[in-house]
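Shown next, in structure tokens, is the structure this report addresses.
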Amino acid sequence: MTLTVEVVRKWDEAHGICGFELRRPDRGPLPAFSAGAHIDVHLPGGFVRQYSLCGSPSCQDRYEIAVLRDVQGRGGSMAIHDDVRQGDLIRIGTPRNLFPLDAEAQRHLLLAGGIGVTPILSMAEHLAAAGTPFEMHYCTRSSERTAFVERLADPAFRERVQFHFDDAGADQAFDLAAVLAAATAQTHLYVCGPRGFMEAVLAEARAQGWAEHRLHYEFFSALVQEAGTDTAFEVRIASSGASVEVPPGCTVIAALARHGVEVLTSCEQGVCGTCMTRVLEGQPDHRDSYLTDEEKAAGEYFMPCCSRARSPVLILDL
Ligand code: FES
């Protein structure tokens with residue numbers, strides 16, 4: 001389901017980062033969301049991109065997103081920076097949350113790298129309002145590239161948020177190992193940011209013995225393996241028995257679509273989980289960033305927008 005919203009405010013949040021406030025044209029309430037949720041944003045040029053909601057979940061009449069202009073990206077961030085203006089009407093999807101706070105956790109450790117602060121900020125807003133203990137570390141290249149500095153200076157956050165700038169002194173550098181080691185066994189960890197940052201955080205947490213259920217993360221860009229060594233395989237549709245050949249360089253989604261079988265997608269990069277499909281037989285070759293290592297090893301589900309097959313045939317629950 002999509003909604004039409006008005007860009008009521010567009011502003012420079014930090015160097016290279018624009019903020020957008022979206023409201024219904026009649027200023028009525030928008031669908032509720034929980035901290036960590038994202039929306040699909042339909043952009044000029046036919047792009048559909050996912051952006052985390054960075055406002056307070058208690059604010060029901062507006063959504064806020066912030067976008068880093070990425071000249072090396074796939075074009076979505078340039079389109080929203082350059083072609084979306086204050087006053088424009090745009091289409092968005094309703095909020096979905098694949099990165100929720102754990103309601104059972106007693107403490108929360110929030111780690112943000114760069115523009116990965118957007119879902120983390122919404123979590124901080126929610127936890128501060130609920131009076132739930134949390135600690136937040138926000139790592140960026142420099143203070144000029146740091147979004148939401150003023151908002152995080154609010155007394156609700158000041159004591160709980162620490163900034164770490166790459167270009168500042170060693171006394172404020174982020175000591176990941178020490179921060180993780182100091183957390184209690186009841187603490188849950190949430191991390192969002194550039195892939196290298198997230199991988200470093202998760203590797204250190206696992207090395208320190210953090211259980212998987214205490215680790216929460218959201219990759220917002222994918223590293224989908226290139227097609228150079230891919231081989232063809234066959235996908236069979238359990239409900240109809242139809243068989244579809246997936247040649248090298250073609251995704252399962254695209255091959256199925258050619259045969260009239262539509263699977264709902266969103267990111268098409270193995271990040272969001274929208275296309276997740278049950279595998280009844282065969283061995284997937286996972287290329288996504290969504291499933292955990294355990295889920296990949298179990299082989300029960302795979303992401304047909306980017307993953308392939310190790311076995312000659314995959315039978316899908318479609
Ligand atoms: S469409 Fe997002 S994981 Fe496949």
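The values are calculated or read from the model by the stated rules, or taken from the named source; none is laboratory data. What you are looking at is a predicted structure, and each value in this text was computed from that prediction instead of being measured. Cβ: placed from backbone, ideal geometry, glycine included. Neighbour counts: every protein chain shown.
Values for this structure:
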{"quantity": "Single residue of the stretch 39-53 satisfying the filter (part of a loop (DSSP other than H, G, I, E, B) and of a type in the set (A, V, I, L, M, F, W, C)) that is farthest from VAL5 (Cα to Cα)", "calculated": "PHE47"}
{"quantity": "Within the stretch 264-292, tally of residues that are closer than 16 Å to ASP230 by Cα, without any contact (Cβ under 8 Å) to a residue 40 or more places away in the chain and not in a strand (DSSP E or B)", "calculated": "2"}
{"quantity": "Test for ASP12: is it under 30 Å from LEU189 (Cα atoms) and without any contact (Cβ under 8 Å) to a residue 24 or more places away in the chain", "calculated": "yes"}
{"quantity": "Residue among SER34, SER77, SER56 that is at pLDDT below 95, surrounded by 15 or more Cβ atoms within 10 Å (Cβ to Cβ) and assigned to a loop (DSSP other than H, G, I, E, B)", "calculated": "SER56"}
{"quantity": "Top-ranked residue in the stretch 243-274 [being at positive phi and within 8 Å of the ligand (Cβ to nearest atom); ranked as surrounded by the most Cβ atoms within 10 Å (Cβ to Cβ)]", "calculated": "GLY270"}
{"quantity": "Residue match in the stretch 191-206 (condition: assigned to a helix (DSSP H, G or I), touching a Cys at 6+ places or on another chain (Cβ under 8 Å), surrounded by 18 or more Cβ atoms within 10 Å (Cβ to Cβ) and in contact (Cβ under 8 Å) with a residue 60 or more places away in the chain)", "calculated": "yes"}
{"quantity": "Residue in the stretch 95-112 that is of a type in the set (A, V, I, L, M) and part of a helix (DSSP H, G or I) present", "calculated": "no"}
{"quantity": "Failed condition for ILE237, given (1) under 29 Å from ILE39 (Cβ atoms); (2) more than 8 Å from the ligand (Cβ to nearest atom)", "calculated": "(1)"}
{"quantity": "Tally, over the stretch 280-312, of residues that are more than 14 Å from the ligand (Cβ to nearest atom) and either buried (at least 19 other Cβ atoms within 10 Å of the Cβ) or not assigned by TED's automatic domain parsing to the domain that holds VAL252 (or both)", "calculated": "2"}
{"quantity": "Residue satisfying all of: in the stretch 125-165; of a type in the set (Phe, Trp, Tyr) and in a strand (DSSP E or B); nearest to LEU111 (Cα to Cα) among these", "calculated": "TYR138"}
{"quantity": "Contacts under 7 angstrom Cβ, first residue in the stretch 293-312 being in a helix (DSSP H, G or I), partner surrounded by 15 or more Cβ atoms within 10 Å (Cβ to Cβ), 6 or more apart", "calculated": "GLU295/TYR301; LYS296/HIS286"}
